[in-house]
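Read the figures in this text as sums done on the coordinates, not as results from a lab. In this text the structure is predicted, and so the values were computed from the model without any measurement. FYI the Cβ positions are ideal-geometry reconstructions off the backbone, even for glycines, and counts take in every protein chain you see.
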Amino acid sequence: MTGEILKIGIVGTGAIGRTHIERINEKMQGAKVVACSDTNQELGKKVADQYGCRFFSDGREMIYSDEIDAVIVATLDPYHEEYVMASIDAGKYVFCEKPLAPEAEACRQIVDAEIAGGKMLVQVGFMRRYDSGYRQLKEAVTSRKYGEPLMLHCAHRNPSVGESYTTPMAVENSMIHEIDVIRWLLDEEYATAEVVFAKSTRRTHKDLMDPQIMILTTQSGVRIDVEAFVNTGHCYDIKCEVCCEDAILNLPEPANIEICTNAQRGHHIHSDWSTRFIEAYDVEIQEWIDATRRECLEGPTAWDGYVGQMTAKAASRARDTGRVVNIEVLETPDLYSKKKG
């Protein structure tokens, strides 16, 4: 496929689907979105007309079409499994926004289908691995220049969330990013999970306990605490501090100019993920395009998606039972361990 333009079809034309179309067709090299599909046909047709691509009323028909080479799944979470499985069956590379599927069992079915085909076709959209700050942390941790990592202190803060955001979503929709990126940073599996509650903010609602703290322990004993505070009322703030034997490593703040005005000195901060991680999304999609054209994926795998959901479900059980929950030790299948090696 090297040397050819990668023809992409996108399932799901909501906000993130549209930003991917714009990103690929206006910024990226080596690919073009030529087709899209959405169960909301009125919206899908408008998006197709706006961006000059063909609309398919049936996402599976688009996936099996000879008109596309690869697929991006940007639908609502419950539909991820269907379209990823169709892509595997069609033998096409597929980029799926996180989560791979809402349930760990569904993620495992995707893994099993990919293993049966004997080829890695799936990449999961854990974009933090592509953020320059996290990549700097990864390089420092992996080098062991500062000794062994001992503890991590992390935070995932939002200005506010809607009434539809419930207690389980703090782990399964927000802190799932920390679950993946910390496992990647440390390059080891988790052993236990625990979730505890702080005093609730007045800004929350009856179906959301906010803030929450998730505590993870890795197999080697690294201790990790992750604060999820999704109704701060004032900021979108992502923190990661790695306490090593010989140094403290901090995720760098995004670059913003300092402003002095009205007798105050300070700088603007990002209001949500869409601006904070916009460069990470760009790098993520460009590297996926390049790897797909080489027919050798290098990003987060279906196995990573499965392990992430397994860990999130363990944390949810810990939250609901008030206990520390053991996380099953998983042996990485050969298809994925070869990539790691």
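Pro78 falls short of the stated requirement of being surrounded by 15 or more Cβ atoms within 10 Å (Cβ to Cβ), out of contact with any Leu (no Cβ under 6 Å at 6 or more places or on another chain) and farther than 21 Å from Thr332 by Cβ. How many residues does the range 219-244 contain that are among the β-branched types (Val, Ile, Thr) and either more than 19 Å from Tyr134 (Cα to Cα) or out of contact with any strand residue (DSSP E or B) (no Cβ under 9 Å at 6 or more places or on another chain) (or both)? Adding up the residues that qualify gives 2. Listed conditions (1) surrounded by fewer than 22 Cβ atoms within 10 Å (Cβ to Cβ); (2) in contact (Cβ under 8 Å) with a residue 24 or more places away in the chain; (3) more than 24 Å from Ile269 (Cβ to Cβ); (4) of a type outside the set (S, T, N, Q) are all met by Glu139, apart from (2). Taken over the range 23-52, the criterion of being surrounded by fewer than 17 Cβ atoms within 10 Å (Cβ to Cβ), of a type in the set (Gly, Ala, Ser) and more than 24 Å from the chain's Cα centre (by Cα) is satisfied by Gly52 alone. There is no residue in the range 113-128 that is acidic (Asp, Glu) and assigned to a strand (DSSP E or B). Selection over the range 32-89 of residues that are assigned to a helix (DSSP H, G or I), in contact with a helix residue (DSSP H, G or I) (Cβ under 6 Å, 6 or more places away or on another chain) and among the polar types (S, T, N, Q) gives a count of 1.
From the list Glu163, Glu194, Glu178, exactly one residue is touching a Lys or Arg at 6+ places or on another chain (Cβ under 8 Å) and either touching a residue at least 12 places away in the same chain (Cβ under 8 Å) or not hydroxyl-bearing (Ser, Thr, Tyr) (or both). Which is it? Only one candidate passes the filter, namely Glu194. Scanning the range 224-249 for residues that are assigned to a strand (DSSP E or B) and exposed (fewer than 14 other Cβ atoms within 10 Å of the Cβ) yields one hit, Ile248. Looking only at residues of the range 129-139 that are in a helix (DSSP H, G or I) and among the charged types (D, E, K, R), we find that the one that is farthest from Ala101 (Cα to Cα) is Glu139. The set of residues in the range 259-292 that are surrounded by 12 or more Cβ atoms within 10 Å (Cβ to Cβ), without any contact (Cβ under 8 Å) to a residue 12 or more places away in the chain and in a loop (DSSP other than H, G, I, E, B) is empty. Kindly establish whether Trp303 is in contact (Cβ under 8 Å) with a residue 60 or more places away in the chain, more than 22 Å from Gln109 (Cβ to Cβ) and in a helix (DSSP H, G or I). When the stated conditions are applied, Trp303 does not pass them.
Among residues of the range 160-214 being outside any loop (DSSP other than H, G, I, E, B) and hydroxyl-bearing (Ser, Thr, Tyr), the one that is surrounded by the most Cβ atoms within 10 Å (Cβ to Cβ) is Tyr190. Return yes when Val94 is surrounded by 24 or more Cβ atoms within 10 Å (Cβ to Cβ) and under 18 Å from the mean Cα position of the chain (by Cα) and no when it is not. Yes; evaluated as a whole, the condition is true for this residue.
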